[in-house]
Amino acid sequence: MADENKRKKKRKSGKKKSSSRRSNNTEEGAALVMTRGEAEYIPEGGDGGAVVVVDQEPYNGEDLSPAPVPEPEAVTAEVGGVDEEGQQQQQNGFTEDGLAVAMAVDAGAEDDYVYAAIEYDPDSKPPLHRNRRFRVYTCLAIVLVAAAVAVTVIYVTKGAKGVDELYTDINVNSLPTFAPTPSPLTNREQSGIIEQIEAGVLQRGAVFANMTVEDPRRLALEWILHYDQMQLNSDDVNLYQRYVLALLAFSLDSLAWYYCGNHRMVNANETVDFVQEDCDVAASTGLIVTHKVWLSSTDECEWYGAKCSANDGVLRGLELMGNDLIGELPPEISQLRFLQYIAFNGNCLYGTIPPEMGSMPNLLSLEL
């Protein structure tokens, strides 16, 4: 008890000293000295006031650290006055005015994902490729470029065709070029056969160099030079006679004749010309008579319808009645000087009779 009385006296004396000090300091305008305890400001008349130190229980050795700050949930609960909708908005992180609500984050909670804050820039614009207007304009630009490319290609193509046509016209209307170099001559072509036939058989000033490859006169020459197995020379006595008969075969389409005109052999893989030699023809007596095919490699006097004298092999007559001969008689037939009769009736001959036949000295009969 004695100790407690001493403590009370000390407190009273401390209060008196502090009040006297406050008054002195106030009067002098100096800073107030605060003693141990809780401070409280007491306003006085006018604009002034006093700070009073409230008595405090003596320190008993306990921890004087401030109390921990309560969790946000507890503060919210203590504040009160917020309805369920407001609480729900605060739990979502925003108030009804769109303001963000600060929330405490528990560092120990690993399952909750904290979204990173993104700063909003009111002046920012969306990426260019997401702009709808930009995409529309881009599509239109692509279409226009494709159309321009197509028009350019068509124009260039037409221009190139026009240049080609103009170039062709220039070539056609320009001076003729030199004749192409002829192919090398064979030994048969250099043997004098061509010159011999041109000089002794061809009529009306014809030469082989001016003939087309389809000309019957050219075809007969090719047969004499390359396909005839007789291989006559320029000085053989029957060269003219054999050439004129070959010319008749090509002029009158011997492949279409009823008898002894087809000299081809047709196989499964190929067709070979000038290989058939024999042909059978029924005579008027009913007997089958074997003859030789025209353009075969046999003596021309053995060909069907050719009549020659037995002693010298000179052609005296031609009998091809009703054998489907088609075409015109060539003027070179007049070079068969010893021919006495021609029997070509019953065929498909057309055109005029060559006037050169009037110069045949031994011709006695002509049946067409």
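The values are calculated or read from the model by the stated rules, or taken from the named source; none is laboratory data. This one's a predicted model, so the numbers in the text were calculated from it and none came from an experiment. Backbone-built Cβ (ideal geometry, glycine too); neighbour counts: all protein chains shown. Surface accessibility is based on the protein's heavy atoms, side chains included, excluding ligands, DNA and RNA. Shrake-Rupley method; radii C 1.70, N 1.55, O 1.52, S 1.80 Å.
Leaving ligands, DNA and RNA out of it, work out the accessible area of Tyr240 with a 1.4 Å probe and give it in Å² to the nearest 10.
Accessible area, nearest 10 Å²: 70 Å².
What percentage of the solvent-accessible surface of the stretch 207-279, computed with a 1.4 Å probe over protein heavy atoms, is contributed by carbon and sulfur atoms? Working shown, then result.
Details: 1780 of 3910 Å².
Of the solvent-accessible surface of the stretch 207-279, carbon and sulfur hold 46 percent.
With labels modelled as points extended 7 Å from the Cα through the Cβ direction, what inter-label distance (nm, one decimal) is found for Arg132 paired with Glu319?
Roughly 10.5 nm, to one decimal.
Averaging over every viewing direction, what projected area does the convex hull of the Cα atoms of the stretch 269-368 cover, in nm²?
Numbers: hull surface 33.2 nm².
Orientation-averaged projected area of the Cα hull: 8.3 nm².
Over the stretch 253-367, with the other protein chains present, what is the accessible area per residue in square angstrom, probe 1.4 angstrom?
Each residue of the stretch 253-367 exposes 53 Å² on average to a 1.4 Å probe.
Suppose the chain between Gln229 and Ala256 were pulled fully straight at 0.36 nm per residue; how much longer would it get relative to their current alpha carbon spacing? Can you show the working numbers first?
Numbers: separation 27, 0.36 × 27 = 9.72 nm, distance 2.29 nm.
Working it through step by step, the gained length comes to 7.4 nm.
For the stretch 205-246, what is the accessible area per residue in Å² when the probe is 1.4 Å? Mind dumping the intermediate values first?
Working: 2110 Å² over 42 residues.
Per-residue accessible area for the stretch 205-246 comes out at 50 Å².
Highest mean first, how do 242-250, 195-203, 144-152 rank when packing is the count of other Cβ atoms within 10 Å averaged over residues?
Per-residue mean Cβ counts within 10 Å order the peptides as 242-250, 195-203, 144-152.
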